[in-house]
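Okay, so here's the structure we're looking at.
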Amino acid sequence: MTRLSLSTLASLPASVARPPYDPTGVTVGIVHLGLGAFHRAHQAVFTDDVLARDPRWGILGVSMKTPRSTSLLAAQDGLYALLVKGNDESSVRVIGALRETAFAGSGAAALVDRIADPRVTCVTLTVTEKGYCHDPASGRLDFAHPDIVHDVAHSNEPVSAPGLLVAALNARRKRNAGPLNIVCCDNLPRNGRVVEGLVRELAQRRDASLVDWMGAHTAFPGTMVDRIVPATTDGDIAEVERRIGVRDAAPVVAEPYNQWVIEDRFVAARPAWESAGATLVREIEPFETLKLRMLNGSHSTLAYLGYLSGYDTIAKAASDPALAAFVERQMVEEIAPTLVAPPSVRIADYGAELMRRFRNPALPHRTRQVAMDGSQKLPQRLLGTIRDNLAAGRPIERLALSVASWMRYVYGRDERHEPIDVADPLAARFATLAAAHRGDIEGFARGLLAIDAIFGDDLPREPRFTQPVIASLVALFRDGALGTVTQSKGAR
């Protein structure tokens, strides 16, 4: 079968939307770190919508950990299909914004050189929470992380995202290449400020004068990104091939909903993303807190409880009456009270829309995919909400059950005593704790609570938190996930 490429664009069916510009006339102005499905279904789409009016903003997409996606996309001249699946209809569109690809493991020097090119004025990132090599509980750089240890010793051959940014900024300074916007699009609270702090910490270790230079030559605008993008399946690839008439080995799938809120804090030229539907705001925090706690927190709750209940997708979990009632009550009674509504947003309507999105049967978002890397996600998705409620004297029973469901998941054995493939940077530590506490549920819980990189040093000493978490974990082992949820306050 003929592959999707620049040479086959003209032959695509009329029903397939294609770039309304000549991709060969586009130049690279953005380097993106983290060439995964989410970026290609989100930021790259907003950028694609800009290119017909301003062709300076082509993307060099960098895969940080594996060359697989870069090789597939390079063979297609950077083109790929976006398959949008709604409840009742779907559409296919070819995206042309990705003009070059690179694999970070092939050599950092070339990437540093590209980011130091004066024509590049934006770096965007979707490297996931764990890609920042930081302590999620404190938001500080983890100088004991193996990648950071390497980058401190070999600053011109970095392997981490923070290390690559510091090396590139140092190169831009030496070449007088001008200012740079660094735009984090990962689910971190105050993501722009956090990434700025991490980069400054590492730059300070390298050269204090670089930190001074950054003050006038870099900006780290915060963002809130929102689109459900499940992993692409073989069935999706087959559907795209059927609809476009050529082979696409790297399509992405997404829901119709697509939102990007960006803090209007730039120091260099950038694409007019607002012309493509992005929202620029002065204050980003209300938007990102709303999304992290309502969407991401509820997503994680559904992932852990749903997986334990035998559901392989979020849509199935969200369609279970007991699980849905639990999450809906959690949103209303334990999450919403911690939020300040952004302008023009009604939190109740936002929550109801989330549940409709979660139930979209056309998007088989795997519970195990959402459950990945929980040690990196819990602090911002659930624990911040819990801290705010404890400080205000509000209840946390349902949030405590969410945390306990994560603990039950990382125990490594499901309710049928089958192994769970726990994908997490701390998976080995979890397995050691589980082996040491077989039959001792409280001991296992307290072992997890002692991980200060997740829970900090405050929550493990707070009985209003530890007691309901341990009680919920005992109930999960005794009654199962659905039994525990059905008996909880959240399902009544």
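Observations on the model:
- Sparse packing (at most 13 other Cβ atoms within 10 Å of the Cβ) combined with a DSSP loop state is found for the following GluC sites (Glu not before Pro) in region 64-145: Glu89.
- Distance from region 157-196 to region 366-412 (C-alpha centre basis), Å: 30 Å
- In region 100-154, the trypsin sites (Lys or Arg not before Pro) that fall in loop regions by DSSP, at most 14 other Cβ within 10 Å: Arg119, Arg140
- Residues listed by number, region 22-40, amide nitrogen under 11 Å from Ser5 label point at 7 Å toward C-beta: none
- Relative contact order (percent, whole number), region 294-411, Cα cutoff 8 Å, 6+ residue spacing: 39 percent
- Helix 463-487 vs. the chain, principal-axis angle (Cα, 0 to 90°, nearest 10): 90 degrees
- Taking every DSSP helix (H) stretch of at least 4 residues in the chain, weighting each as -39,500 (n - 2.57) and dividing the sum by the residue count yields a mean residue ellipticity at 222 nm of -12500 deg cm²/dmol.
- Separation in nanometres of the label points that stand 7 Å from Cα toward Cβ, at Ser344 and Asn176: 4.4 nm
- Long-range lysine pairs (8 or more apart or interchain), the chain, Cα under 20 Å: 6
- Qualifying trypsin sites (Lys or Arg not before Pro) in region 361-470, DSSP loop, other Cβ atoms within 10 Å at most 12: Arg416, Arg438
- Prolate is the label for region 195-256, because a/c, from the alpha-carbon gyration tensor with a ≥ b ≥ c as root eigenvalues, is 1.5 or above and a/b exceeds b/c.
- Relative contact order (%) - region 6-281, alpha-carbon pairs under 8 angstrom, separation at least six: 22 percent
- Look at the alpha carbon pairs under 8 Å that are at least 6 residues apart: their mean separation over the length of region 285-491 gives a relative contact order of 28 percent.
- Gyration tensor verdict on region 285-491 (Cα atoms; rounded if a/c is under 1.5, prolate if a/b is larger than b/c, oblate otherwise): oblate
Where a number appears in this text, it was derived from the coordinates with a stated rule and is not lab data. Because the structure is predicted, anything quoted here is derived from the model rather than measured. Cβ: placed from backbone, ideal geometry, glycine included. Neighbour counts: every protein chain shown.
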